[in-house]
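Since the structure comes first, as structure tokens, the remarks are kept for the end.
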Amino acid sequence: MKLISKSRFLEYLTCPKDAWFRLHMPKLDEFVVSATEQNIMDQGNIVEEYAKRLKIFSGFVPAFTEGEVKEVKRSEVLVRENVAVIYQPTFIVDGYIIRCDFIVWNAETLKYDLYEVKATNSLKDKDRPHDHISDITFQSIVLEKYGIDIGKKFIVHLNSEYVRGNELDVENLFVVEDCTEKVSDKKDVVAQQMQKAKEYLGQEKEPADGCKCNFYGRSRHCATFKRSHPEIPEYSVHDLSRIGLSPDKLVELVEKKTYLLHEIDDTSDLSVTQQNQIHTHKTNEEIIDIKEIAKILDGYTYPLYFFDYETFAPAIPAYKGYKPYQRIPIQFSLHIIDKKGGDLRHVEYLHQENSDPSVVVAKKLEEYIDPVGTILAWNDSFEKGVTKEIGERLPQYEPVVTRICEQMHDLMDIFSQQHYVHKDFKGKASIEKVMNVLLPEMTYDDLPYTGNAVGYVWWQDIVNEDKEPNERAKKLNLLLEYCKQDTFVMVEIFKILENIVNKNLK
Ligand code: SF4
């Protein structure tokens, strides 16, 4: 029988079927780790490295060695020798396997205390799958089964209020929370869940039941959804915009086996966005509210600035003034049209040294963006948020960032507010969906860039003088190209909208 690790158990709490696939068929294509997932894992490992510097763990002895069995033996020896701080002790008992973060000998209670390090900004003790209390309770039950009487149970997580000074203060970066009582309150429930997990995950053949996501919207579906529900098409009622907020309607449709959008007869109890999504799908007609689009465009003032940031939010604050997971604005792109019908020009900035870019970014924005004019972003809450944070770090730039935020408008509004709906937007208003429909000749395919996580890794290479110069230059150009393309796409979409208005109203 395959051993059940803490990860599999927590996955089981979220979804038994998914946990079964991961335990029995870990090599499925669906489980190939994405760049975002890899980044989350990397951040977790980095946080653990910093946690090792905490005074409570000083002098720790690592238990890991090659192979599970050897690791268990070594852990056992270290415990028998009463080593004060043991890092990653591993134990196997009763079909379960755990690798704890730290166990620390408590000279008062004459027991080991258990410490679990988490790369989160909070305790996550709400009673839901993947909460940290279930996690540490699982470990303490396994330790108990193994014959190790654990005293206190602690979660060590990041301190969301911590602001980095010149140096990183590790003792203040982390919060150590005593969860002993919470663990004991949860112990019986988790013990029962562990037993059920063992029975379910112990099935050698794929369980026929277990995947209930056919009653939930697409965002809830995991990568193996299609294996359990081959009857549900790629584009289905599960893709109706925000259908997760109308669970009764989705259940009704699924129970009637109404999977395709054009099979939905009664749309009266659906939202306007959902109705539009279905209508455009059925009729193959666009919805374009020219008057509303014209009103929005008329509200813009020249010069027009098409603006986009690239940021990264590391768990460990990299520079003075940053909190855990606060966004570092490593670059921006700005396309500018100075007057109606005027030429397009482009400016950009990519920070090329290993330091906080905030001051240079604030100065450049002040230099490039006049106090008169409209700044257009796509989903502007992101750009506004990053800009506001610059002002919080640099009070001398507060007036500049405030006026920049005030000048900012969201070009996406035209699409998210349903003034322009195309069946192939599929109920969404992301720049990619809109670009694919309105600018089919444009693509990101020749830019091998898969999001912020990769961007930050590249940026770290760019600012690292020990890296090979050609490689650094290549990554620099790709990052510039990618960000430039984002704002160029916005310009082209704006022009299309302007043309539609001009043709029909002027
Ligand atoms: S689609 Fe949902 S219910 Fe099905 S296996 Fe994935 S998470 Fe579980």
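The values are calculated or read from the model by the stated rules, or taken from the named source; none is laboratory data. A quick note: this is a predicted structure, and the numbers were derived from the prediction, not measured. Note: ideal-geometry Cβ built from the backbone for every residue, glycine included; neighbour counts use all protein chains shown. With ligands, DNA and RNA removed, areas are computed over all heavy atoms of the protein, side chains included. Shrake-Rupley method; radii C 1.70, N 1.55, O 1.52, S 1.80 Å.
For Q139, are the conditions met, namely being within 16 Å of the ligand (Cβ to nearest atom), of a type in the set (S, T, N, Q) and either open to solvent by 80 Å² or more (accessible area, probe 1.4 Å) or modelled with pLDDT of 95 or more (or both)? Break it down into steps so the answer makes sense when it comes.
On the way: within 16 Å of the ligand (Cβ to nearest atom): no; of a type in the set (S, T, N, Q): yes; either open to solvent by 80 Å² or more (accessible area, probe 1.4 Å) or modelled with pLDDT of 95 or more (or both): yes.
Judged against the criteria, Q139 is not a match.
Across the stretch 197-208, the number of residues qualifying as touching a residue at least 24 places away in the same chain (Cβ under 8 Å) and either within 16 Å of the ligand (Cβ to nearest atom) or at positive phi (or both) comes to 6.
Residues of the stretch 236-261 that are surrounded by fewer than 17 Cβ atoms within 10 Å (Cβ to Cβ), within 23 Å of Q418 (Cβ to Cβ) and within 16 Å of the ligand (Cβ to nearest atom): G244, P247.
Do the conditions hold for Y397, that is, is it assigned to a helix (DSSP H, G or I), in contact with a helix residue (DSSP H, G or I) (Cβ under 6 Å, 6 or more places away or on another chain) and farther than 20 Å from I493 by Cβ?
Numbers: assigned to a helix (DSSP H, G or I): yes; in contact with a helix residue (DSSP H, G or I) (Cβ under 6 Å, 6 or more places away or on another chain): yes; farther than 20 Å from I493 by Cβ: yes.
Yes, satisfied.
Exactly one of (1) within 16 Å of the ligand (Cβ to nearest atom); (2) in contact (Cβ under 8 Å) with a residue 40 or more places away in the chain; (3) among the β-branched types (V, I, T) is unmet by I232. Its number? Failed condition: (2). Pairs are defined by a Cβ separation below 7 Å, a sequence spacing of at least 6 or placement on different chains, a first member in the stretch 481-499 that is open to solvent by 40 Å² or more (accessible area, probe 1.4 Å), and a second member that is outside any helix (DSSP H, G or I); the pairs so defined are E481/L447; K484/S333; K484/H346; K484/E348; F488/H335; E492/L439.
Of all residues in the stretch 209-225, those satisfying the criterion of being among the charged types (D, E, K, R) and within 9 Å of the ligand (Cβ to nearest atom) are K212, R220. Among the conditions (1) of a type in the set (S, T, Y); (2) outside any loop (DSSP other than H, G, I, E, B); (3) touching a residue at least 60 places away in the same chain (Cβ under 8 Å), the only one that T301 does not satisfy is (2). Scanning the stretch 413-428 for residues that are basic (K, R) and part of a loop (DSSP other than H, G, I, E, B) gives K426, K428. Among residues of the stretch 173-222 being open to solvent by 80 Å² or more (accessible area, probe 1.4 Å) and polar (S, T, N, Q), the one that is farthest from S246 (Cα to Cα) is Q195.
For the condition in contact (Cβ under 8 Å) with a residue 12 or more places away in the chain, out of contact with any Leu (no Cβ under 8 Å at 6 or more places or on another chain) and assigned to a helix (DSSP H, G or I), what is the one hit in V386, V360? The conditions single out V386. I'd like to know if the stretch 214-222 contains one or more residues that are modelled with pLDDT of 90 or more, out of contact with any helix residue (DSSP H, G or I) (no Cβ under 6 Å at 6 or more places or on another chain), outside the structural domain of H422 (by TED's automatic domain parsing) and outside any loop (DSSP other than H, G, I, E, B). Scanning the stretch 214-222, I find at least one residue that is modelled with pLDDT of 90 or more, out of contact with any helix residue (DSSP H, G or I) (no Cβ under 6 Å at 6 or more places or on another chain), outside the structural domain of H422 (by TED's automatic domain parsing) and outside any loop (DSSP other than H, G, I, E, B), so the answer is yes.
Could you please give the count of residues in the stretch 140-178 that are in a helix (DSSP H, G or I) and either within 25 Å of S5 (Cβ to Cβ) or within 26 Å of the chain's Cα centre (by Cα) (or both)? Give the derivation first.
Initially, the stretch 140-178 is screened for residues in a helix (DSSP H, G or I), giving 140-146, 170-173.
Within this subset, residues satisfying the condition of being either within 25 Å of S5 (Cβ to Cβ) or within 26 Å of the chain's Cα centre (by Cα) (or both) are 140-146, 170, 172-173.
Summing the residues that are in a helix (DSSP H, G or I) and either within 25 Å of S5 (Cβ to Cβ) or within 26 Å of the chain's Cα centre (by Cα) (or both) in the stretch 140-178 gives 10.
For the stretch 223-235, give me each residue that is under 21 Å from I264 (Cα atoms), of a type outside the set (A, V, I, L, M, F, W, C) and open to solvent by less than 50 Å² (accessible area, probe 1.4 Å). Correct list: H229, P233, Y235. All of (1) more than 30 Å from G165 (Cα to Cα); (2) open to solvent by 40 Å² or more (accessible area, probe 1.4 Å); (3) not β-branched (V, I, T) hold for M408 with one exception: (2).
Does the stretch 51-77 hold any residues that are surrounded by 18 or more Cβ atoms within 10 Å (Cβ to Cβ) and either closer than 25 Å to I316 by Cβ or free of Cβ contacts under 8 Å to residues at least 24 places away in the same chain (or both), and which are they? Can you show your working first?
The first filter runs over the stretch 51-77 and keeps only residues surrounded by 18 or more Cβ atoms within 10 Å (Cβ to Cβ), leaving 51, 54, 57, 60, 63, 71-72, 74-75.
Within the stretch 51-77, A51, L54, F57, F60, A63, V72, R74, S75 meet the criteria.
Consider the stretch 7-24. How many of its residues are more than 8 Å from the ligand (Cβ to nearest atom) and among the basic types (K, R)? Matching residues across the stretch 7-24 total 2. The requirement of being away from the ligand (no atom under 16 Å from the Cβ) and buried (at least 18 other Cβ atoms within 10 Å of the Cβ) is fulfilled somewhere in the stretch 29-43, by at least one residue.
In the stretch 281-293, the condition of being farther than 30 Å from I337 by Cβ, more than 16 Å from the ligand (Cβ to nearest atom) and either open to solvent by less than 70 Å² (accessible area, probe 1.4 Å) or of a type in the set (G, A, S) (or both) is met by at least one residue. Taking T311, is it touching a Ser or Thr at 6+ places or on another chain (Cβ under 7 Å) and touching a residue at least 24 places away in the same chain (Cβ under 8 Å)? No: the conditions fail for T311.
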